[in-house]
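Some notes on the structure that comes next.
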Amino acid sequence: MDLTQRQKADLLARGFSRRAFGRFASLLAAGGALPFYNEPALAQLSNVGPIPAGAVKINANENPLGPCPEAADAIQSFVKKGGRYSYDETAKFVAAIAAQENLKPSYVLPYAGSSDPLHRVVMAYTSPTRSFVAADPGYEAGFAAAAFVGAKTCKVPLTATYAHDVRAMAAVDPNAGVLYVCNPNNPTGTLTPRAELEWLLENKPKGSVVLLDEAYIHFTDAPMCSDLVAADKDLILLRTFSKLYGMAGLRAGAAFGRPDLLARIKGYAAGALPVTGMVGATASLGVKDLVAERRKNLQAVREDVFAFLRENNIGFVPGETNCFMLDAKRPAAEFIRAMQAENVYVGRVWPVWPTYSRISVGTSEEMARFKAAVEKVMS
Ligand code: PLP
């Protein structure tokens, strides 16, 4: 696919050389062949072989509950109409989520999940002269997109309370293009206080955007930040239906932002979205107590696991969402292998914390098997 004159001019203005044109052209044409990963791909990469049926799979921050019954019904009854593009269903999804988050529909771009806009925002707002700044340990996907465009990447350690160190992030590079904040953070599950996010928006380097990833926010008691989007800040916020809504395989999500900010990523969109994801997401949004109930159940299972870990003197970072870091007190890769031998597949290791493994919170039955395996493996 050839780039248009306008796309070429835009790339040159952003500091790319003509040599980068080919890479961007292949990017527009290649789709799935891009060197970017999302959570399941990252989780799979760190596993030894396929996961056997019947194993406890708490390695990829998935939701074992799947879609709510209302979403499953809506999808099932729509499947036979799958021969049509049904753009209306995407419009209905945009209208529903915009209404729920008090945003104008022009501030919402729908996607099949949030990985897609995450990568696109990084590619649109970083360049050889504009860096990518994120926390460490943090969600890695943006680093691959930044590396692809040849942008410098800056890793900033979390604070002592495992929040994003927004002051250090703002200071690390005056030419930052994207400051990525995952709140709550993946892998730690810990929150960055809203006041800190507001500070970052007011004090970030000139010309940069804050990319706020709230993939796991529904599981916490913290407020969402869509109102900061409505207030026209330099902020792009990501929403996904892969986590609390249990639709990771069905795919639905959105990017929220000022129309002029979204315009930079809009041009790269491919058109029709999977109608199954769209109708499932719209149906989910219509279920009144879904978020509150799933949050309450998740929190109860998680707190029970935390109580078990405390009783057994096992170190962990008390995350506030559906994942947390467990300190195996030895190379975490060994712990992961030992757990796999018990048929429990736990999550991966971040190089900066080599003795920690990320554990996703599954059902209470799954976590009972996790606890039994931990007792054996850690004794
Ligand atoms: N952001 C974070 C922090 C994630 O952990 C994930 C997936 O696990 C995603 C984004 C992308 O998820 P999806 O593309 O399924 O919306």
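Laid out as a table, the results:
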item: Residue selected from segment 283-305 under the condition of a type outside the set (A, V, I, L, M, F, W, C) and over 20 Å from Arg369 (Cα atoms), by the criterion most open to solvent (accessible area, probe 1.4 Å); result: Lys288
item: In segment 306-352, residue surrounded by the most Cβ atoms within 10 Å (Cβ to Cβ) [restricted to those that are more than 21 Å from Ala43 (Cβ to Cβ) and either polar (S, T, N, Q) or assigned by TED's automatic domain parsing to the domain that holds Pro157 (or both)]; result: Asn312
item: Residue that is nearest to the ligand (Cβ to nearest atom) [pool: residues in segment 226-241 that are touching a residue at least 40 places away in the same chain (Cβ under 8 Å) and of a type outside the set (Asp, Glu)]; result: Thr240
item: Strands (runs of 3 or more DSSP E) contained entirely in segment 285-379, each with at least 3 residues that are out of contact with any Pro (no Cβ under 7 Å at 6 or more places or on another chain); result: 344-346, 356-360
item: Matching strands (runs of 3 or more DSSP E) fully within segment 101-195 where at least 2 residues are among the charged types (D, E, K, R) and crowded, with 21+ Cβ neighbours inside 10 Å; result: none
item: Failed criterion for His218 (all others in (1) buried (at least 19 other Cβ atoms within 10 Å of the Cβ); (2) more than 15 Å from the ligand (Cβ to nearest atom) hold); result: (2)
item: Test: residue in segment 252-266 that is within 16 Å of the ligand (Cβ to nearest atom), free of Cβ contacts under 8 Å to residues at least 24 places away in the same chain and either surrounded by 23 or more Cβ atoms within 10 Å (Cβ to Cβ) or in a loop (DSSP other than H, G, I, E, B) (or both); result: no
item: Subset of segment 267-282 (residues that are of a type in the set (A, V, I, L, M), surrounded by fewer than 23 Cβ atoms within 10 Å (Cβ to Cβ) and away from the ligand (no atom under 16 Å from the Cβ)); result: Ala272, Val275
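The values are calculated or read from the model by the stated rules, or taken from the named source; none is laboratory data. Keep in mind it's a predicted model, so treat the numbers as computed, not measured. Note that each Cβ is placed from the backbone with ideal geometry, even for glycine, and that neighbours are counted across all protein chains shown. Each accessible area value is taken on the protein alone, full model and side chains, heavy atoms only, with ligands, DNA and RNA left out. Shrake-Rupley method; radii C 1.70, N 1.55, O 1.52, S 1.80 Å.
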